[in-house]
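Here the structure comes first, spelled out in structure tokens, and everything after it is commentary.
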Amino acid sequence: MNRRTLLVGTLTVVSSTVGCLESTSDSGTDPSSTTDDSTTVHAMDAPDPDHRIWVENEAETANQIAVTVTKHVDDGSDEVVHESTEDLDPGGTAYVYNLNEANPDGVERFKVTGETDEQTTWRFMATSECYTDCGIVRRENGELVVERPIC
């Protein structure tokens with residue numbers, strides 16, 4: 001190995017770690033302190049029931065989409081909390097329901113189902129900070145999907 005290759009390699013390693021090496025006086029932390037993870041609440045466990053459910057028609061023809069929202073209960077006694085049918089023009093969007101209306105107790109699971117004459121699709125979501133609003137979408141190609149972003 002020649003001297004130039006060694007020097008370039010050493011400079012690369014040192015420069016790539018510059019931002020990672022900080023003194024405790026710059027960070028404001030005490031290196032002897034520890035964090036108590038028992039008080040950390042993760043987004044999946046933090047209740048947030050304010051999640052809207054909407055339908056959208058991306059197709060070039062009018063479509064009818066039936067929506068069912070079911071509160072999932074572990075003992076099997078699921079409860080339908082919302083049912084509706086939406087008539088959508090091409091490019092149309094409609095607000096359908098908010099999980100907050102089901103008065104969930106903490107983080108609870110719900111099944112969101114969309115149905116047309118030809119297709120049925122569903123997804124589970126929870127009333128936690130990890131989830132956002134949920135959409136049932138009829139794509140341009142006719143496919144029916146439930147979009148449910150999650151952290």
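For segment 45-96, pairs of C-alpha atoms spaced more than 16 angstrom apart make up 55 percent of the total.
Other residues lying with their Cβ under 14 Å from the Cβ of ARG109 contribute a combined charge of -4, Lys and Arg counting +1, Asp and Glu -1. At an R0 of 35 angstrom, the distance between the Cβ atoms of ALA46 and GLN119 translates into a FRET efficiency of 0.55.
Taking the Cβ of each residue in ILE65, ILE136, ILE150 as the centre, tally the other Cβ atoms inside 10 Å and list the residues starting with the fewest.
In increasing order of surrounding Cβ atoms, one gets ILE150, ILE65, ILE136.
Our summary gives segment 52-147 a relative contact order of 34 percent, counting only alpha carbon pairs under 8 angstrom and 6 or more residues apart.
Calculated on the Cα set of segment 52-147, radius of gyration then Dmax: 13.4, 43 Å. Simple spin-label estimate for GLU79 and ALA94 gives 2.6 nm between the two label positions (7 Å along the Cα-to-Cβ direction from each Cα).
Structural descriptor for segment 44-98: relative contact order 46 percent, calculated from alpha carbon pairs under 8 angstrom and at least 6 residues apart.
We did not get these values from a lab; they are worked out from the coordinates using the rules stated. Since we're looking at a predicted model, the values are computed, not measured. With ideal geometry, Cβ positions are generated from the backbone for all residues, glycine too; neighbour counts draw on all protein chains shown.
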